[in-house]
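Enquirer: So that we are looking at the same thing, I have put the structure below in structure tokens.
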Amino acid sequence: MNIILLGPPGAGKGTQAARLVERHGMRQLSTGDMLRAAVAAQTPIGIEAKAVMDRGELVSDEIVSALIDAELLAMGVDVGAIFDGYPRTAEQAEQLDAILAKHGRKLGRVIEIEVDEDELVRRIVGRYTCATCGEGYHDQFKQPKTAGTCDKCGGTAFKRRKDDNEETVRTRMAEYRAKTAPTLPLYEARGIVSRVDGMAPIDAVSAAVEAALANA
Ligand code: AP5
Ligand code: MG
């Protein structure tokens, strides 16, 4: 199945996508991760996207849709895609329809993860990851068991996203409200939206996501 995880910054899209990958062998397609990889590699797309991302604004529809198209081209059609952080505008939603049709895929479910805005800021501002394996941590909610050492891979270097500060997070949320949330009615009209309570603990959110997919 191909699904969209929709929700504001820090809602838990990446967290839930990783679990779906483990459980169902699906593939996570995060345009945010792809863009950050392009920034790190200093590709032409990365150079163009960097300043936009640092401000918390949206990169152009054409760039992100081309990234998704290229990823799907390289994937077996039997592997389910999890669209994480894409589409983010009405134009991207239209482009995704065309891309899915081109690759012979169908959209099975859109899962909206709902979380209060203050909680989102708390989550994002405290978030960091292992620089080696990408395992996620949080200043308040999830510290490594041994301080300074990754639980998963033993790495000792950690990093924070440049756009994970309060000011940029507020811009990212405003972008979500203005441009991404308005895509929901389109999917609602197709009867494929499920809402999950993203304020619940991670395991409970996963259970709700599984239930939504089981009923799809
Ligand atoms: P992107 O990377 O997509 O960021 P985002 O949408 O702002 O979302 P995040 O990745 O910050 O949050 P998440 O929902 O994945 O939450 P997570 O699981 O990490 O985009 C970044 C930028 O790239 C954009 O601003 C834009 O510039 C550009 N971009 C990307 N896609 C684009 C597109 N399509 N078009 C245009 N521009 C685009 O969880 C957050 C934290 O909360 C973690 O610490 C986690 O451990 C914790 N947590 C998760 N779930 C729970 C829970 N249930 N309870 C407690 N803590 C939890
Ligand atoms: Mg994410």
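Enquirer: What are the residues in segment 116-149 that are assigned to a strand (DSSP E or B), open to solvent by less than 70 Å² (accessible area, probe 1.4 Å), without any contact (Cβ under 8 Å) to a residue 24 or more places away in the chain and more than 14 Å from ligand 2 (Cβ to nearest atom), if any?
Expert: Tyr137, Thr149, listed by residue number.
Enquirer: Can you tell me which residue is nearest to ligand 1 (Cβ to nearest atom) among those in segment 74-108 that are of a type in the set (D, E, K, R) and assigned to a loop (DSSP other than H, G, I, E, B)?
Expert: If we take residues in segment 74-108 being of a type in the set (D, E, K, R) and assigned to a loop (DSSP other than H, G, I, E, B), then Arg88 is nearest to ligand 1 (Cβ to nearest atom).
Enquirer: Also, I was wondering about something else. Give the residue that is farthest from the chain's Cα centre (by Cα), with candidates limited to residues of segment 40-82 that are of a type in the set (D, E, K, R) and within 20 Å of Met1 (Cα to Cα).
Expert: Taking the candidates together, the pick is Asp78.
Enquirer: Is one or more of the residues making up segment 69-84 more than 16 Å from ligand 2 (Cβ to nearest atom), in contact with a Phe, Trp or Tyr (Cβ under 9 Å, 6 or more places away or on another chain), open to solvent by less than 50 Å² (accessible area, probe 1.4 Å) and farther than 26 Å from Asp203 by Cα?
Expert: no
Enquirer: On the given criteria, is Ala66 more than 16 Å from ligand 2 (Cβ to nearest atom) and in contact (Cβ under 8 Å) with a residue 60 or more places away in the chain?
Expert: no
Enquirer: Among the numbered criteria (1) open to solvent by 60 Å² or more (accessible area, probe 1.4 Å); (2) away from ligand 2 (no atom under 12 Å from the Cβ); (3) not polar (S, T, N, Q), which single criterion is violated by Arg36?
Expert: Condition (2) is where Arg36 drops out.
Enquirer: Among the residues of segment 46-59, write down those that are part of a loop (DSSP other than H, G, I, E, B) and open to solvent by 50 Å² or more (accessible area, probe 1.4 Å).
Expert: Answer for segment 46-59, where residues must be part of a loop (DSSP other than H, G, I, E, B) and open to solvent by 50 Å² or more (accessible area, probe 1.4 Å): just Glu57.
Enquirer: Give segment 1-20 a look and list any residue that's over 16 Å from Arg109 (Cα atoms) and either touching a residue at least 12 places away in the same chain (Cβ under 8 Å) or within 7 Å of ligand 1 (Cβ to nearest atom) (or both), or say none.
Expert: Residues satisfying the conditions are Pro8, Pro9, Gly10, Ala11, Gly12, Gly14, Thr15, Arg19.
Enquirer: Moving to a separate point now. Inside segment 35-54, can you point out the residues that are near ligand 1 (Cβ under 8 Å from one of its atoms) and not small (Gly, Ala, Ser)? Let's see the steps before the verdict.
Expert: Our first condition is that a residue be near ligand 1 (Cβ under 8 Å from one of its atoms); within segment 35-54, this holds for 35-36, 49, 52-53.
Listed by number, the residues that qualify are Leu35, Arg36, Val52, Met53.
Enquirer: For the list (1) within 21 Å of the chain's Cα centre (by Cα); (2) part of a loop (DSSP other than H, G, I, E, B), I need the number of the one condition that Lys152 fails.
Expert: Every listed condition holds for Lys152 apart from (1).
Enquirer: Return yes or no: is Ala216 over 19 Å from the mean Cα position of the chain (by Cα), under 24 Å from Glu22 (Cβ atoms) and at pLDDT below 95?
Expert: Criteria met by Ala216.
Enquirer: Mind checking whether some residue in segment 22-32 is open to solvent by less than 60 Å² (accessible area, probe 1.4 Å), assigned to a helix (DSSP H, G or I) and within 28 Å of Ser206 (Cβ to Cβ)?
Expert: Checked against the condition, which is being open to solvent by less than 60 Å² (accessible area, probe 1.4 Å), assigned to a helix (DSSP H, G or I) and within 28 Å of Ser206 (Cβ to Cβ), segment 22-32 yields at least one hit.
The values are calculated or read from the model by the stated rules, or taken from the named source; none is laboratory data. Quantities reported herein were computed from a predicted structural model and do not represent experimental measurements. In this analysis, Cβ positions are derived from the backbone assuming ideal geometry, glycine residues included, and neighbour counts consider all displayed protein chains. For accessibility, only protein heavy atoms count, side chains too; no ligands or nucleic acids. Shrake-Rupley method; radii C 1.70, N 1.55, O 1.52, S 1.80 Å.
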